[in-house]
Structures are given as C-alpha cells and as structure tokens.
Amino acid sequence: MHWTDRRKRFRAVLAGERCVHPGSVFDPISARIAEDLGFEIGMFAGSTASLTVLGAPDLIVLTLSEFAGQAYRINRAGGLPLLVDADHGYGNALNVKRTIEELETAGVAGLSIEDTDLPTPFGTAKPRLTTLEEGVGKMKAAVDGRSDPTLVILARTGAISVTSLGDAIERARAYQETGVDGLFFTGIKSRDEVEAIAAATRLPIVLGGAPEELNDLGLLAQLRVRIALQGHAPIAAATQAVYTTLKALRAGISPKQLQGLASTELTGRIMREAETKARSAALLGLKP
C-alpha cells in the first residue's frame, strides 16, 4: 500500500493555521468510524494499544512488533492519517531507529518519541526523564531512521510535570535542532505555560491534554498548537458497551432485544427490568 498521501495530509495540518482534535482510535473499525465522521487525524496511543492487544494496563510491556502490527491493521482499513505514540522508542537510540523503520513500514503518518525513562526503573515511584543528551541522541536516531521524508516525527517531553517548565523549554529547543517536525508536550496546566513554550520555540506544537481554559481551538491555533488531544474516551465507551451487552446476555436477555441498540442507557433499562422480574418471581417463590 502507498502511505505518502496520508502523510502529506498530516503535514498539511501541521503547516496550517488551525488546531484540530484527533480521533482516538484503537482498532480498524474505530479508525473507520473516525474517518467517516470527518476526523482529519487518528491518534493511536500506547495505553490504548496495551488495552487492545494485551488486555492490560499501560505498563510498558507491549512490544514494538505488537504495536506496529496493530498500527498496520488500522492503516490498511482506511485512509485516515494516523499519529501514534511510540513511547520511548522501545529502548536506546538504536532501538529508536528500528522503531521508526517498523512504524514507517506499518503506514503511520506521524509518531512521537518521548524522553521519559522507561520502563520505570526499580525503586522509583515517580516518572523520570532521560538526560538531555540521551534525549537528543534519540531524536537524531529517529530522524536518521526515516526513509520517507513525508513521515512526521515529533519530539515529546513530559518535563513540565516531572521537572519544570524551564527544563521542558530547554529540552524542546534542543530537540527542534535535531530535524524533528514538531514538539509534543504532556502535563500542560495553564495558558501561561503554552505561551512560554510558543515564544521560546519555532516548530508546530502538539498537546497531549490540556486544562479547561485551553479548550478553545482558536486560542490554541494562535499559540501555534496544531493538534490537541482529548484523551481516549472511545475505548472506555466501547469497553463499557461490551460489558453491559454481555452482562445483559448473561442475565438471559434475548439478543433480539439488543439488536441494533448498543446504548448503555437502553441495556441498563433492560437489565433493570430483568432484575425487577427476578425479584418479583423470588417473592412469589417462582423460579426465574
């Protein structure tokens, strides 16, 4: 398959004047839904990948091949430009280069490499960052690993919530000199922080979540933010829908009653009706 067109569309978003919310996707059908609804970008996170592939929390045990495999399945199902969270690149700078190669082959339009020290070292309770020098080395390796120049590489840092705003800016300024295409920040708490970052850097900005005061896409666009994540509600909603439906079926609700009606509200009502009938039968000494 050819991936360049979707990568060019992703780059057009970064080069534009607007800020967009990506659709959080986790499998082929969720990506097709996001594309059908008009989302310009899909976001496939490491946390949702762990839930989808392993059925486990984001404990950094998902492998690169597992992540790339799921990304490929998402990409081959449609034409939505996909941004993926490649964590720390699954190891050192050499592993980062390999990560770029695998994810590029899987068809992603863009990816982020972060400077968090992962997996969390033994005996540490709080997140830690790699040294600035190691972070720079990883970003250089990421750029060097790219064979399609239209693939977007974002340097990601969570320094704001781990060390300080000043450290985040220092890291971002160093990373933007490595040839990456944008800067990805997590842990943002205020407009002042975004303004400081925008003033000190020159590349397009991606935010991995932001407080309520930064929900205005027009304001974010003025601050050079081009993509603003909204969390990963779709996988939570999908999980709840599956749970509620299976619970109803296990309780004896007819599949016909659920057909085409996947809302939690409806299945919840059906479950309540079934429970009421069961209690009435028990009071009358009848078998359900």
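Ranked by accessible surface with a 1.4 Å probe, highest first, in what order do Val61, Val143, Val225 come?
Working: Val61 90, Val143 35, Val225 0 Å².
Reading off the accessible areas and sorting them downward yields Val61, Val143, Val225.
May I ask you to derive the relative contact order of the chain, considering only C-alpha pairs under 8 Å and at least 6 residues apart, and to give it as an integer percent? Write out the running numbers ahead of the final one.
Numbers: 494 pairs, mean separation 49.2, N = 288.
Computed over the chain, the figure is 17 percent.
So how far, in whole Å, is the C-alpha centre of the stretch 190-230 from the one of the stretch 29-97?
Between the Cα centres of the stretch 190-230 and the stretch 29-97 lies a distance of 23 Å.
Whole number in Å², please: accessible area per residue of the stretch 54-152, 1.4 Å probe, ligands, DNA and RNA not counted. Walk me through the intermediate numbers first.
Values: 4290 Å² over 99 residues.
Ligands and nucleic acids excluded, the figure is 43 Å² per residue.
Loop-only trypsin sites (Lys or Arg not before Pro) in the stretch 189-247, please: DSSP not H, G, I, E or B, and at most 13 other Cβ atoms within 10 Å.
On the way: sites: Lys189, Arg191, Arg202, Arg224, Arg226, Lys247; in loops: Lys189, Arg202, Arg224.
Sites meeting the loop and neighbour criteria: Arg202.
Using the alpha-carbon atoms, what tilt in degrees (0 to 90, nearest 10) does helix 64-76 show relative to the longest principal axis of the chain?
Between the helix axis and the principal axis of the chain, the angle is about 70 degrees.
Mind counting lysine pairs for me in the chain? Cα separation below 17 Å, and the two need to be 8 or more apart along the chain or on different chains. Walk me through the numbers before you get to the answer.
Details: Lys97/Lys138; Lys97/Lys140; Lys247/Lys256; Lys247/Lys277; Lys277/Lys287.
Qualifying lysine pairs in the chain: 5.
Using only Cα atoms, find the angle between the long axis of helix 165-175 and the longest principal axis of the chain, and express it within 0 to 90 degrees, rounded to the nearest 10.
That works out to roughly 70 degrees.
P(r) for the stretch 57-192: what percent of alpha-carbon pairs falls in each 10 Å bin, starting at zero?
12, 43, 34, 10, 0
To the nearest 20 Debye, how big is the dipole of the chain about its Cα centre, given +1 on the beta carbon of each Lys and Arg and -1 on that of each Asp and Glu? Write out the running numbers ahead of the final one.
Numbers: 32 positive and 33 negative charges, 220 e Å.
For the chain, the charge dipole is close to 1060 debye.
The values are calculated or read from the model by the stated rules, or taken from the named source; none is laboratory data. All values reported here derive from a predicted model rather than from experimental measurement. Note that we place each Cβ from the backbone using ideal geometry, even for glycine, and neighbour counts take in every protein chain shown. Remember, those area values only see protein heavy atoms, side chains included, never the ligands or the DNA or RNA. Shrake-Rupley method; radii C 1.70, N 1.55, O 1.52, S 1.80 Å.
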